[in-house]
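Undergrad: One structure follows; several queries about it will come next.
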Amino acid sequence: MQINPSENAAVAASGRGVALKVSDLVKRYGEREVLKGVSLDIAPGEFVAIVGRSGCGKSTLLRLVAGLESHQAGSIHYDGAQQDSHHDTRIMFQDSRLLPWKRVVDNVALGLTPPEYLNAEYVLGQVGLRDRRHDWPARLSGGQRQRVALARALVHQPRLLLLDEPLGALDALTRIEMHGLIENLWHENGFTALLVTHDVGEAIALADRVVLIDEGRITLDLRIDLPRPRQRGDARFAALEERVLKRVLGQQHDIGDPHDEQLGDQSLRRSVEQVRWAV
Amino acid sequence: MSNRPSFFARQLLPWAVPVLLITIWQLSAQLGWLSSRVLPEPWAILKSGWVLLKSGELHHHVLVSTRRALTGLAIGGGAGLLLGLLTGTFKRAETLLDTTLQMIRNVPPLALIPLVILWFGIDEAAKVFLVSLGVFFPIYLNTYHGIRSVDPALIEMAKSYGVTGWRLYRDVILPGALASILVGLRFSLGLMWVLLIVSETISATEGIGYMTMNAREFLRTDVVLVGILLYALLGKLADVIARALERFWLRWNPNYAAA
C-alpha cells in the first residue's frame, strides 16, 4: 500500500489522534531517578518511536503515559487536559497478555459491551485472523498472538496507541510483516502512536520521529522524512539508521555502571543483528 | 511396537493390577489358604452384594451416605470457597482471618469427635459437621492460593482496558484461580469419604458405615468387605467427576485438554 506524504498530512488533520504533551516528567523508584525531566510534544496522528538501551527509562515513560504508574513531578496533557479520561488510550505489551481461558474473539471483545461484540470479528479480519476466532490463544503462534493483542487494542478505536516493544519477542520475518500491518492500521485509523523499541531499524521503518532516551533524558529527536512504505535497503534509510546507532554507541562511554554497560551492549548487538537480517 | 500406547493399552492397563490381585485372592480362597472368617472369596462378596442390592438395603445405605457426604461438601466447600475468595482478594480480610484459620487448620477434625458428640449428639448434624470441617480447608487454602497467584500482568492489562469490579473478577481473577480451586476440590473429595466413614462407624442407624459395623456384630465379613468396596468405588467415582470438571473448565489449557 502506497502512502504518500499528502495523505499522511490528511490523516494528521483528521483529528482522530490525541495531541500528547509531556512536560518535565520525573519518575523515581525509591532513590533511583529513572526519568530526569523528559519533555515531548506529539502532534495528533503522529507516529513517534522511542529508542534507547535497556533500562534507559523508555518503557517507564510509556507506562506513565498509559496511566499505569504515577510520576513525581512534571505533567502529561492529553489534548490539553491533565487527565486523559483514559478511555482514548490503549496499550500493547511486549507479551501479548491474552487471557488463556478466553477464545480469540472473546479476548478481542474484552471490555466491550454486547452491542459492540460484532466489531471484534471485524477487527480480527483486519489483522487477518478472522478464521482463528474460535481458537484458544495457546494454539496460536507468537506472531498471531501479538496480532490478536493488536486487534484487542484497536477494537476500542483508541486515539492514542502505546506500543511497548510489542515485536521484541518475534522472529525477524514476522516482525517485518507486523511492521506493514501496524503501518496500514495506523494510516487507516489515524490514531497517535507511541512506539517503544530497542530496534533502531524498526523505529526508522515506522516512525515520523525517532526519539532517543539515555539515562532518563531525551538526547536526540530526529524527524524521519522518508516516503512510505520505507525500503530497508534504501541508502537514506541506512544512513539514518547509521546515525542513530552511532548516537547510541557514542553514549556508551558515559556509563559508569558496568552492569548497565553490559545490558546496553547486548541490546545494541541485537539490533545490529536484526538490521543485518532485514536488509 | 510404536511408542504411542494403543487405545486398549491405555484403557485396560490401569485395571491389570486390580484384576491380578483379585484372581490371586480368589484362587487362594478356593485352595483353602484363607479362612472365610478372615477374608471371604471375591465371589462370596459379590453374592452378598447382590443379595443386599436385591433387598434394597444397599441402595438405601448408599443414598444416605451420599446425601451426608454431599451436604457436608456443599456446606464446608462453599464456606471454604467464599472465605478463600475473601482473604485472597482483600488484604484486610486476610490479616483479620488467616491466623485464626491456620490455627484451626492444625486441629485434626477427628480429634473433635468427643466435642462433636457433646454438641450435636449422634444424629445427622454431627456427621455433616465433621465432613464440612474436613473439606473446608483444602478448598479454602487452594482458593486463596489460586487468587493470589493470578498473573498480575493480566490484571494490569484488563484494568487498562476498562475491565473493573465484578467483570474483572468474572473474566480474569476467577478463571485464573480455577485450576488451583479444582485441586482443592479433589483433595476435599478424598477427605470427604474418610471423615464420613469414621463418623458413620462411631454412631449411626443407617449409611454404609452403619451397615459394616452392624455386619461386624454378626461376623459377616463378606458384608464388611462389600461396604469397604463401596467406599472405594464411590471415592473413585468422585475423582472421575472432579477430573471431568477439570477437563471441561480447563480445556483452554493444553495440559488439561482431552487427548
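The values are calculated or read from the model by the stated rules, or taken from the named source; none is laboratory data. Note that this is a predicted model, so its numbers are computed, not measured. Neighbour counts are summed over all protein chains in view; Cβ atoms, including those assigned to glycine, are modelled from backbone coordinates with ideal geometry.
Undergrad: Mind checking which helices (runs of 4 or more DSSP H) fall wholly inside segment A:129-208 and carry at least 2 residues that are of a type in the set (D, E, K, R) and within 14 Å of chain B (Cβ to nearest Cβ)?
TA: Values: elements: A:142-154, A:172-189, A:200-206.
Because the criterion is at least 2 residues that are of a type in the set (D, E, K, R) and within 14 Å of chain B (Cβ to nearest Cβ), the helices (runs of 4 or more DSSP H) in segment A:129-208 that meet it are A:142-154.
Undergrad: Looking at segment A:213-244, which of the residues that are outside any loop (DSSP other than H, G, I, E, B) and basic (Lys, Arg) is nearest to A:SER54 (Cα to Cα)? Break it down into steps so the answer makes sense when it comes.
TA: Initially, segment A:213-244 is screened for residues outside any loop (DSSP other than H, G, I, E, B), giving A:213-214, A:217-223, A:228, A:235-244.
Subsequent filtering for residues that are basic (Lys, Arg) retains A:217, A:223, A:228, A:236, A:243.
Values: A:ARG217: 14, A:ARG223: 23, A:ARG228: 29, A:ARG236: 27, A:ARG243: 19 Å.
Result: A:ARG217.
Undergrad: Report whether or not A:ARG145 is within 21 Å of the chain's Cα centre (by Cα), touching a residue at least 40 places away in the same chain (Cβ under 8 Å) and under 23 Å from A:GLY67 (Cα atoms). Steps first, please.
TA: Working: within 21 Å of the chain's Cα centre (by Cα): yes; touching a residue at least 40 places away in the same chain (Cβ under 8 Å): yes; under 23 Å from A:GLY67 (Cα atoms): no.
It is false that A:ARG145 is within 21 Å of the chain's Cα centre (by Cα), touching a residue at least 40 places away in the same chain (Cβ under 8 Å) and under 23 Å from A:GLY67 (Cα atoms).
Undergrad: Out of curiosity, is B:GLY49 surrounded by 10 or more Cβ atoms within 10 Å (Cβ to Cβ) and either modelled with pLDDT of 85 or more or acidic (Asp, Glu) (or both)?
TA: On the way: surrounded by 10 or more Cβ atoms within 10 Å (Cβ to Cβ): yes; either modelled with pLDDT of 85 or more or acidic (Asp, Glu) (or both): yes.
Considered against the rule, which asks whether it is surrounded by 10 or more Cβ atoms within 10 Å (Cβ to Cβ) and either modelled with pLDDT of 85 or more or acidic (Asp, Glu) (or both), B:GLY49 comes out as yes.
Undergrad: Filter segment B:1-46 down to the residues that are touching a residue at least 40 places away in the same chain (Cβ under 8 Å) and among the charged types (D, E, K, R) and list them by number. Don't jump to the end; show me each part of the working.
TA: Of segment B:1-46, the ones touching a residue at least 40 places away in the same chain (Cβ under 8 Å) are B:36-40, B:44-45.
Of everything in segment B:1-46, just one residue is touching a residue at least 40 places away in the same chain (Cβ under 8 Å) and among the charged types (D, E, K, R), namely B:ARG37.
Undergrad: While we're here: If you scan segment B:174-185, which residues turn out to be surrounded by fewer than 21 Cβ atoms within 10 Å (Cβ to Cβ), touching a residue at least 60 places away in the same chain (Cβ under 8 Å) and either in contact with a strand residue (DSSP E or B) (Cβ under 8 Å, 6 or more places away or on another chain) or away from chain A (no Cβ under 11 Å) (or both)?
TA: Scanning segment B:174-185 gives a single hit, B:LEU182.
Undergrad: For segment A:11-22, how many residues meet the condition of being crowded, with 16+ Cβ neighbours inside 10 Å, at pLDDT below 90 and not in a loop (DSSP other than H, G, I, E, B)?
TA: 2
Undergrad: Could you list, in sequence order, the residues of segment A:122-161 that are crowded, with 17+ Cβ neighbours inside 10 Å and among the charged types (D, E, K, R)?
TA: Matches in segment A:122-161: A:ARG132, A:ARG133, A:ARG145, A:ARG147, A:ARG152, A:ARG159.
Undergrad: Here's a follow-up. Scan segment A:164-190 residue by residue and report those that are within 21 Å of A:LEU68 (Cβ to Cβ) and touching a Ser or Thr at 6+ places or on another chain (Cβ under 8 Å).
TA: A:ASP164, A:GLU165, A:LEU167, A:GLY168
Undergrad: Out of A:ASP106, A:ASP95, I need the residue that is closer than 30 Å to A:SER54 by Cα and of a type in the set (Asp, Glu). Which one? Give the steps one after another, and end with the answer.
TA: Details: A:ASP106 fails: closer than 30 Å to A:SER54 by Cα.
After applying the criteria, what remains is A:ASP95.
The rows are residues; the columns are (1) under 27 Å from A:GLY45 (Cβ atoms); (2) of a type in the set (Ser, Thr, Tyr).
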| residue | (1), (2) |
| --- | --- |
| A:ASP88 | yes, no |
| A:SER96 | yes, yes |
| A:ALA109 | yes, no |
| A:PRO114 | no, no |
| A:TYR117 | no, yes |
| A:GLY125 | yes, no |
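Undergrad: Is it true that B:GLY207 is within 22 Å of B:ARG247 (Cα to Cα) and buried (at least 21 other Cβ atoms within 10 Å of the Cβ)?
TA: No; evaluated as a whole, the condition is false for this residue.
Undergrad: Further question on the same structure: From the set of residues in segment B:30-52 that are in contact with a helix residue (DSSP H, G or I) (Cβ under 6 Å, 6 or more places away or on another chain) and either part of a helix (DSSP H, G or I) or among the acidic types (Asp, Glu) (or both), which is nearest to B:ASP222 (Cα to Cα)?
TA: For segment B:30-52, the residue satisfying everything is B:ILE45.
Undergrad: Only helices (runs of 4 or more DSSP H) wholly contained in segment B:119-169 count here; list those with 3 or more residues that are under 19 Å from the mean Cα position of the chain (by Cα).
TA: B:124-148
Undergrad: Follow-up question, since we're still on this one. If I ask for residues that are among the polar types (S, T, N, Q), within 19 Å of B:GLU124 (Cβ to Cβ) and part of a helix (DSSP H, G or I), which ones from segment B:196-249 would you list? Show your work before the answer.
TA: Going residue by residue through segment B:196-249, those that are among the polar types (S, T, N, Q) are B:199, B:201, B:203, B:205, B:212, B:214, B:221.
Subsequent filtering for residues that are within 19 Å of B:GLU124 (Cβ to Cβ) retains B:199, B:201, B:203, B:205, B:212, B:214.
B:SER199, B:THR201, B:THR212, B:ASN214 - these are the residues of segment B:196-249 that are among the polar types (S, T, N, Q), within 19 Å of B:GLU124 (Cβ to Cβ) and part of a helix (DSSP H, G or I).
Undergrad: Just one of (1) closer than 28 Å to B:VAL64 by Cβ; (2) away from every other protein chain (no Cβ under 14 Å) trips up B:ILE147, so point out which.
TA: (1)
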